[in-house]
Amino acid sequence: MTGKRPKILVYGYGNPGRQDDALGIRLAEEVEKWSTDHHMGNVTTDTNYQLNLEDAANIAAYDIVIFADASREEIDEFCLDPLIPSEKSEFTMHAVSPAYVLHLCMQMFHRKPEAYLLHLRGYDWEFMEEMTGKAKTNLDKAFGYIKAFILKVSKI
C-alpha cells in the first residue's frame, strides 16, 4: 500500500426495517456521503441485509475492508476489532460471517485484505424503521471514529 492510498470498502449490513439492526447500513450511508463530499476516491461502500458467499469476490478487490453491523453484545457504543479468517462456516442457507467471507476470499482469490468488524451497539429490534436514540448516538460516535481511521490509513 506504499505510495498510493489503499482501496477501502465499508460494508454495512443489517435489516433497516428492524430498528437498531440498521446501524451497519446507516454507517455505510454516512461514510458514502462523507467520502463523496470530500473526494475520497479510494473509499467505496456497500450494503446488504446480510453477508453472502459472493462477498468473498467483492472484498478481493480491496486493501482494507470494514464490515459494520449492529450488535447485541454488552459493549460500549461501538468496537472495532481486527478480523481473523475462519474456516468455521457459521452460516445458514442465506448468510455467512465476516470471518468466513474473509477465509473464502483467501482460499478462492488468494487475497487477504486487512479486515475489521465494527460492532455498533443496538438496543431494540422491533419491526419499525426508526432507530433508538441511544443507537443514533452510537452511530454518530462510530462514524467519527471511522472517518479518523480512514484518514489515518489513507495518510491524508
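The values are calculated or read from the model by the stated rules, or taken from the named source; none is laboratory data. All values reported here derive from a predicted model rather than from experimental measurement. No Cβ is skipped: glycine too gets one built from the backbone with ideal geometry, and neighbour counts run over all protein chains shown.
Does residue 149 fit the bill of being within 28 Å of residue 6 (Cα to Cα) and not small (Gly, Ala, Ser)? The answer is yes for residue 149. The combined condition, being out of contact with any Lys or Arg (no Cβ under 8 Å at 6 or more places or on another chain), farther than 29 Å from residue 40 by Cα and of a type outside the set (D, E, K, R), is not fulfilled by residue 137.
Condition check ((1) assigned to a loop (DSSP other than H, G, I, E, B); (2) in contact (Cβ under 8 Å) with a residue 12 or more places away in the chain) across all residues:
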residue: 45; (1), (2): no, yes
residue: 65; (1), (2): no, yes
residue: 68; (1), (2): no, yes
residue: 86; (1), (2): yes, yes
residue: 108; (1), (2): no, yes
residue: 130; (1), (2): yes, yes
residue: 140; (1), (2): no, no
residue: 152; (1), (2): no, no
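So that you can scan it fast, the table gives a plain yes or no per residue for (1) polar (S, T, N, Q); (2) within 17 Å of residue 28 (Cα to Cα):
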position: 78; (1), (2): no, yes
position: 87; (1), (2): no, no
position: 97; (1), (2): yes, no
position: 100; (1), (2): no, no
position: 104; (1), (2): no, no
position: 113; (1), (2): no, no
position: 120; (1), (2): no, yes
position: 125; (1), (2): no, no
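In segment 19-43, what count of residues is obtained for those that are closer than 16 Å to residue 115 by Cα and not in a strand (DSSP E or B)? The total comes to 3.
If a residue has to be in a loop (DSSP other than H, G, I, E, B) and modelled with pLDDT of 95 or more to count, how many in segment 88-106 make the cut? Break it down stepwise before answering.
Going residue by residue through segment 88-106, those that are in a loop (DSSP other than H, G, I, E, B) are 88-97.
Narrowing further to those that are modelled with pLDDT of 95 or more: none.
Selection size over segment 88-106: 0.
Take the conditions (1) more than 12 Å from the chain's Cα centre (by Cα); (2) of a type outside the set (Lys, Arg); (3) buried (at least 17 other Cβ atoms within 10 Å of the Cβ); (4) under 26 Å from residue 139 (Cα atoms); residue 70 misses just one of them, which is (1).
So is residue 131 more than 23 Å from residue 20 (Cα to Cα) and either at pLDDT below 95 or among the aliphatic types (A, V, I, L, M) (or both) or not? Let's see the steps before the verdict.
Values: more than 23 Å from residue 20 (Cα to Cα): no; either at pLDDT below 95 or among the aliphatic types (A, V, I, L, M) (or both): yes.
So residue 131 does not fit the description; no.
Provide a single number: the residues in segment 110-126 that are part of a loop (DSSP other than H, G, I, E, B) and either buried (at least 22 other Cβ atoms within 10 Å of the Cβ) or in contact with a strand residue (DSSP E or B) (Cβ under 6 Å, 6 or more places away or on another chain) (or both).
Taking segment 110-126 first, the residues part of a loop (DSSP other than H, G, I, E, B) are 110-113, 122-126.
Then drop every residue that is not either buried (at least 22 other Cβ atoms within 10 Å of the Cβ) or in contact with a strand residue (DSSP E or B) (Cβ under 6 Å, 6 or more places away or on another chain) (or both), which leaves 113, 122.
Going through segment 110-126 one residue at a time, the tally reaches 2.
Counting the residues of segment 57-87 that are hydroxyl-bearing (Ser, Thr, Tyr), in contact with a His (Cβ under 9 Å, 6 or more places away or on another chain) and modelled with pLDDT of 95 or more gives 1.
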